[in-house]
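Chemist: Please see the structure below; I have some questions.
Rule-based calculations on the coordinates, nothing more; no lab input. As the structure is a prediction and not an experimental result, all values here were calculated from the model. For neighbour counting, all protein chains shown are included, and Cβ atoms are generated from backbone atoms with ideal geometry for every residue, glycine included.
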Amino acid sequence: MHCRAYFLLERDFQELKENNFKGITAFPVSEDLMEWGANIEGLQNTFWHGLFFQLTIHFTSQYNFVPPVVKFITIPFHPNVDQNTGRVCIDFLDDPEKWNTNYTLSSILLALQVMLSNPVLENPVNLEAARMLIKDESLYKQIVLRLFSQPIQWRENSLEFPKDPHKLTRSIKAVSFNDYYKTWSGIATSKATEYYRSSCKMRK
């Protein structure tokens, strides 16, 4: 017998398909609908447009009383995304008290799509991304575009997820900070690069 969360997610899936939001796709990868795959493209009229990011969404039988766990498989260089795990760190997903039972799969994905180009800088989890964005937004934009300029084509029936959803964590595509730094060094002015090196020495 299916739990309450199953029927809510069936409803959410139907809502998502009916609205056909641009740049957003999602589908269940487990029979009980607790594990999902999703794909988000950045919003139009932002430099994130044309960049595609894969995610996993893990619901529990307590949905929609508690938020799901959302992680990026393609991890963006972003203040609100953990660069090691891909976990999204924004208030309504992190704090159950800020979660609203009116939220649906669609509203979660739409919020994440908006988050890409509208980061919350008050309490970032990726400090390097936040620091760079605050100091030099143009440089931050160049690095994001350089790192993620190859779109990921993902159609609903073209990607097979492992039967064990927990194994997805092993396939997370993370870009190491060394890669960020190499990209940064290649496009930044010598002054910006020297600033970074000095700040690293100060932190040590």
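Chemist: Out of all Cα-Cα pairs in the range 50-136, roughly what percent, to the nearest whole number, are more than 20 Å apart?
Modeler: Numbers: 1215 of 3741 pairs.
Cα-Cα pairs in the range 50-136 separated by more than 20 Å: 32 percent.
Chemist: From the mean inverse distance of alpha carbon pairs (Kirkwood) and the Cα radius of gyration, derive Rg over Rh for the range 15-71.
Modeler: Working: Rg = 12.9 Å, Rh = 12.5 Å.
That ratio is 1.03, to two decimals.
Chemist: Kindly state, to the nearest 0.05, the FRET efficiency for K135 paired with K22, given R0 = 35 Å and r defined as their beta-carbon distance. Can you show the working numbers first?
Modeler: Values: r = 32 Å, r/R0 = 0.92.
Using R0 = 35 Å, I get an efficiency of 0.65.
Chemist: What is the dipole size for the range 1-106, taken about its Cα centre, with +1 at each Lys and Arg Cβ and -1 at each Asp and Glu Cβ, in debye to the nearest 20? Display every interim value, and only then the final one.
Modeler: Working: 7 positive and 13 negative charges, 34 e Å.
The dipole of the range 1-106 has a size of about 160 debye.
Chemist: Evaluate the distance, in nm, between pseudo-label points positioned 7 Å from the Cα of F92 and of E31 along their respective Cα→Cβ axes.
Modeler: Those two pseudo-labels are separated by 3.3 nm.
Chemist: Using r as the Cβ-Cβ distance of T101 and N45, and R0 as 35 Å, what FRET efficiency do you calculate, to the nearest 0.05? Let's see the in-between values first.
Modeler: On the way: r = 32 Å, r/R0 = 0.91.
So the FRET efficiency works out to roughly 0.65.
Chemist: May I ask which residue of F72, T46, F7 lies farthest towards the positive end of the charge dipole of the range 1-100, with charges of +1 (Lys, Arg) and -1 (Asp, Glu) on Cβ and the Cα centre as origin?
Modeler: T46
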